[in-house]
Amino acid sequence: MSETSASVVKTPWWKYPAWLLLGVGFGAVLTKAQVISVVRVRRMFAFQEAHMFLVIGAAVVTGVISMFIVRALRKTKTDVSGVPMEFKKRPFQPGIWIGGLIFGVGWYITAACPGPIYALIGAGVWDALVILAGAIVGAFVFGWLKPKLPH
């Protein structure tokens, strides 16, 4: 057993409803921001409007600021689940470009990246179940291929 898995604290059951509510709220924000709009996604990839770029940019800036706050204020060395938090730089890997291209092509074809898939399903776009199935299959294929990939 690895050192990380041995130190994981079991999450209390009562935290799951809170996380579910956060997920529903996140889906509502994605829907309101029109991130799940096929038209918005296609216009982004065609460089016809800046809406999606601004949403993504705002998310990146929010994430960077949040990480600075977490690093500055954290009193413990673990996250809410008890898993140790480590902030380490990762070396560049050529596979990131390949994975990014595959991700981008999939995003263009389906007009959905992983987060909005659930928002689409919640909005009643049942075709998104096919997209979710493809994402799950893709994750399993990557897991199977990972030992054979350069990294």
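Hey, got the dipole for the stretch 23-87? About the Cα centre, +1 on K and R Cβ, -1 on D and E Cβ, debye to the nearest 20? Please report the intermediate quantities before stating the final value.
Details: 8 positive and 3 negative charges, 15 e Å.
With only Lys, Arg, Asp and Glu charged at Cβ, the dipole is about 80 debye.
Taking only alpha carbon atoms, the chain gives an Rg to Rh ratio of 0.99, where Rh is the Kirkwood radius. For the stretch 69-151, the tally of Lys pairs with Cα-Cα distances below 23 Å comes to 6, considering only residues 8 or more apart or on different chains. Across the stretch 82-88, coupling constants 3J(HN,Hα) worked out from phi with the 6.51/-1.76/1.60 Karplus curve, θ = phi - 60°, read x, 7, x, 9, 10, 10, 10 Hz, and Gly and Pro carry x. In this structure the amide hydrogen of Thr78, modeled in the peptide plane, comes within under 5 Å of the amide hydrogens of Met85, none closer than 5 places in sequence on its chain. Farthest toward the positive end of the dipole of the stretch 3-148, out of Val55, Ala119, Thr78, is the Cα of Thr78, where the dipole comes from beta carbon charges about the Cα centre.
With θ taken as phi - 60° and the Karplus curve 6.51 cos²θ - 1.76 cosθ + 1.60 applied, the whole-hertz 3J(HN,Hα) list for the stretch 65-71 is 4, 4, 5, 4, 5, 4, 5 Hz, x standing for glycine and proline.
Around the Cα centre of the stretch 3-148, unit charges on the Cβ atoms of Lys, Arg, Asp and Glu (plus for the first two, minus for the last two) sum to a dipole of about 440 debye.
All of the numbers you see were taken from the coordinates with simple rules; none came from a lab. Here the structure is a predicted model, which is why all the values come from computation and not from measurement. Using ideal geometry, Cβ is built from the backbone for each residue, glycine included, and neighbour counts are taken over all protein chains shown.
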